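These notes concern the structure reproduced below.
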Amino acid sequence: MTNNPLNSANNIISLSHVTAGYDKTPVLQDISFDIAEGHCVSLLGSNGCGKTTLLRTIAGMLPFSGDIHINGKSINAMKRKEIASYVAFLSQISSVYFSYSVYETVMQGRYLHKGLFFEKNRSDREIVDETLESLGLSQIAGKQITALSGGQLQRVMLARCIAQRCPILMLDEPMNHLDLKIQAEFMEYLANWRTTTLTMPDNKAYKPTVIGVFHDLNTAAGIADDIAFLKDGRLVLFAPKKGALTAERLSEVFDFDVVSYIKSHNYEFT
Amino acid sequence: MKNSSKSIAAGLLGLAAVIMGICIGSVMISLSDTFSIITAKLTGGSISQSVDASLVSILWEIRIPRALSAFFVGGALAVSGAVMQSILQNPLASSYTLGVSSGASLGAAIVIVCGFSSSILGFLLLPVVGFTCGLSTVFLVILIASKLDSGFKNHTIILFGMVFSLFVNAALTMLSALNQSHMQRLILWQMGTFSGKRWHHVAILSVFCILGTIAVTFYSRELDLLTFGDEEAMAVGVDTKRAKITLLVLASLLTGISVCFTGVIGFIDLTVPHITRRIFGSSHKYVIPLSMIIGGSFMVIADLLARTILAPQEIPVGAITALIGAPFFLYVYFKKR
């Protein structure tokens, strides 16, 4: 297994020999790697190789065997709320059944920080306003989410994650439904967000860490510090992106000649 | 209009519905008589000579308990319907999705067929056995669904609820086919009615309905989050399995207590939550308490119509809830907000 060369004291997430899956059929087998605090990791692999399952497992949503540590603590020993104070998870949401306003939806990201009942305190409201503003959602704050386009909904759900103020952000195909302009804005936002620091309830400041599944190879390579290659539920390689993204390895992971395909399909814009 | 003023309007509507349910009937009682009787009863004072003594007993012994029973049953059903729809993320889910009504009906059928129901003990036995069997069915569904599916996913719960309901219904059909002499009583019990409701019914129903609604309201934020799906709720820190089981049990208690006293009354549990969401938005801190008020008012009106439009013949209230409910629901649902 390839380990991150950084000192393990800086590892915000570490997995050792993790096997996980649904209803006793393992999807992931014997995965081990460490993610350094502040890094961005792209998961690469073909459909069904276990990328989403890996994200869900790290977020403690699936039963697994092996060890997963977040900030040095085993997630088996953590309550749901404690995990959610470290990890925000943007999953692929396709439809919503019941309607809430954009503001209400983003406020749900503050679930952990609110008291027993539904009284919002001032700092929660400030955080939500600030998040809406920074993602350009202030104008539609009063709109019902059932009336939004797929792209707008995706941004609202991202805002909900950001409002959670977690040091770890997991993104499962966040660019789905987004048009090019919004994609560019999204990437810029993410890059900016990564330069901030987040203070946790334990009063320690953390550099934001991102683990993402990106559909587009360019995006995935562009944003990442490290790449995790998955194939058939196994980790092929976890390494800094420099030198890892060879044509040979991509062909192996995706089972076809990816680089020639991309090159031969480059349209010459005039 | 703001939600707070709309809530006050809903409260006044509820009050008006209950007063109508009390005053209108085969014997009309004027508002002033109604108020003087109620104040006298509540303060222990004497009733003025102008009020007929028979009116006092009609009002106090029959009408008020009946209207209040209808109110609390309607409220309990609407709240449990709202909970079911939200946690199962399914607008078609209802209070009966997990088999409460089938279980309760089978329990009642066994009591009726065995002939226990004619004794004094039987009057007590019927609701108690109905309630126990209804809840046992739900617990069995939850237990098996959570054993077979560690993620406790919504479609597993719905599927198990439906399979169990059908299974229990089949047992009920067999039982009725083999004991045709008792069939009519059973059908009447299942159709649901508020006739013969007394103050002790009101006492039990009100306690369950009010405490149940308050308990569910404490879970408003979890309910909001669960409508986005289990994973989304977990991601912000909800212990979904625990929250779902707690809420399913609360919703089943509310349905169970209603079914065991009044039989199976449909439609309110399905439509009232949708109507409430249309008016107040989906936030459960509004949806839950207001579903109770709107569901209660709706049931009082339905019961009023059931006993008056073809008087002295009484129509099953379940037929009325569907007959006036369906068009009203379509109107509210498709009218622009």
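The values are calculated or read from the model by the stated rules, or taken from the named source; none is laboratory data. Remember, predicted model here, so these are calculated numbers, not experimental data. Don't worry about glycine lacking a Cβ; one is built from the backbone with ideal geometry, like all the others, and counts go over all protein chains shown. Areas reflect the complete protein model, heavy atoms only, side chains present, ligands, DNA and RNA absent. Shrake-Rupley method; radii C 1.70, N 1.55, O 1.52, S 1.80 Å.
List of remarks:
- Only listed residue being of a type in the set (A, V, I, L, M, F, W, C), within 30 Å of B:L254 (Cα to Cα) and modelled with pLDDT under 90, chosen from B:I47, B:I64, B:I38: B:I38
- Whichever residue in the range B:142-163 is within 14 Å of chain A (Cβ to nearest Cβ) and in contact with a Phe, Trp or Tyr (Cβ under 7 Å, 6 or more places away or on another chain) and, among such residues, is least open to solvent (accessible area, probe 1.4 Å): B:A145
- B:Q89 being more than 19 Å from B:I265 (Cβ to Cβ) and within 14 Å of chain A (Cβ to nearest Cβ): yes
- Considering residues of the range B:165-175 that are of a type outside the set (A, V, I, L, M) and under 22 Å from B:A319 (Cα atoms) only, the residue surrounded by the fewest Cβ atoms within 10 Å (Cβ to Cβ): B:T173
- Evaluation of A:Q29 against (1) open to solvent by 20 Å² or more (accessible area, probe 1.4 Å); (2) more than 8 Å from chain B (Cβ to nearest Cβ); (3) over 30 Å from B:T217 (Cα atoms); (4) within 20 Å of the chain's Cα centre (by Cα) (one fails), failing number: (4)
- When every residue of the range B:263-277 is checked against the conditions, at least one turns out to be assigned to a helix (DSSP H, G or I), buried (at least 24 other Cβ atoms within 10 Å of the Cβ), more than 14 Å from chain A (Cβ to nearest Cβ) and not aliphatic (A, V, I, L, M).
- A:G142 surrounded by fewer than 17 Cβ atoms within 10 Å (Cβ to Cβ) and within 14 Å of chain B (Cβ to nearest Cβ): yes
- Matching residues in the range A:79-107 - criterion: being open to solvent by 20 Å² or more (accessible area, probe 1.4 Å), within 17 Å of B:S86 (Cβ to Cβ) and modelled with pLDDT of 90 or more: A:E104
- Hits in the range A:73-115 - residues which are assigned to a helix (DSSP H, G or I), more than 7 Å from chain B (Cβ to nearest Cβ) and closer than 21 Å to A:L135 by Cα: A:V102, A:Y103, A:T105, A:V106, A:M107, A:R110
- Close Cβ contacts (under 8 Å, 6 or more residues apart or on different chains) running from residues in the range B:203-223 that are of a type outside the set (S, T, N, Q) to residues that are open to solvent by 70 Å² or more (accessible area, probe 1.4 Å) and not in a helix (DSSP H, G or I) comprise B:F218/A:L116; B:F218/A:F117.
- B:S136 being of a type outside the set (A, V, I, L, M), open to solvent by 70 Å² or more (accessible area, probe 1.4 Å) and in a helix (DSSP H, G or I): no
- Comparison of B:I257, B:I268 shows that the only residue that is in contact (Cβ under 8 Å) with a residue 60 or more places away in the chain and over 19 Å from B:I142 (Cβ atoms) is B:I268.
- Condition check for A:N266: open to solvent by 30 Å² or more (accessible area, probe 1.4 Å) and under 23 Å from the mean Cα position of the chain (by Cα): no
- The residue pairs whose first member lies in the range A:152-169 and is within 9 Å of A:T105 (Cβ to Cβ) and within 11 Å of chain B (Cβ to nearest Cβ), whose second member is open to solvent by less than 10 Å² (accessible area, probe 1.4 Å) and assigned to a strand (DSSP E or B), and whose beta carbons are closer than 7 Å, counting only pairs six or more residues apart or on different chains, are A:M157/A:L90.
- Within the range B:284-293, one or more residues are at pLDDT 85 or above, surrounded by fewer than 21 Cβ atoms within 10 Å (Cβ to Cβ), within 14 Å of chain A (Cβ to nearest Cβ) and out of contact with any Pro (no Cβ under 7 Å at 6 or more places or on another chain).
- Within this structure, A:A159 passes the test of being touching a helix residue (DSSP H, G or I) at 6+ places or on another chain (Cβ under 6 Å) and open to solvent by less than 10 Å² (accessible area, probe 1.4 Å).
- Unmet requirement for B:I214, which otherwise passes all of (1) open to solvent by 70 Å² or more (accessible area, probe 1.4 Å); (2) more than 14 Å from chain A (Cβ to nearest Cβ); (3) closer than 26 Å to B:G74 by Cα: (2)
- Taken across the range B:320-331, residues that are closer than 17 Å to B:T213 by Cα, open to solvent by less than 30 Å² (accessible area, probe 1.4 Å) and of a type in the set (A, V, I, L, M, F, W, C) do not occur at all.
- Hits in the range A:42-70 - residues which are open to solvent by 10 Å² or more (accessible area, probe 1.4 Å), touching a residue at least 60 places away in the same chain (Cβ under 8 Å) and either farther than 27 Å from A:F256 by Cβ or away from every other protein chain (no Cβ under 14 Å) (or both): A:S46, A:K51
A quick yes/no check of all residues on (1) in a helix (DSSP H, G or I); (2) charged (D, E, K, R); (3) more than 10 Å from chain A (Cβ to nearest Cβ):
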site: B:N169; (1), (2), (3): yes, no, yes
site: B:T173; (1), (2), (3): yes, no, yes
site: B:A177; (1), (2), (3): yes, no, yes
site: B:R185; (1), (2), (3): yes, yes, yes
site: B:S195; (1), (2), (3): no, no, yes
site: B:A203; (1), (2), (3): yes, no, yes
site: B:L225; (1), (2), (3): yes, no, no
site: B:A233; (1), (2), (3): yes, no, no
site: B:R242; (1), (2), (3): yes, yes, no
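- B:G281 vs. criteria within 12 Å of chain A (Cβ to nearest Cβ) and on the phi > 0 side of the Ramachandran plot: yes
- The residues on offer are A:M157, A:M175, A:M170, and the sole one that is part of a strand (DSSP E or B) and within 22 Å of A:K51 (Cα to Cα) is A:M170.
- When the range B:244-257 is limited to residues that are closer than 23 Å to A:G60 by Cβ and open to solvent by 10 Å² or more (accessible area, probe 1.4 Å), the one that is modelled with the highest pLDDT turns out to be B:T246.
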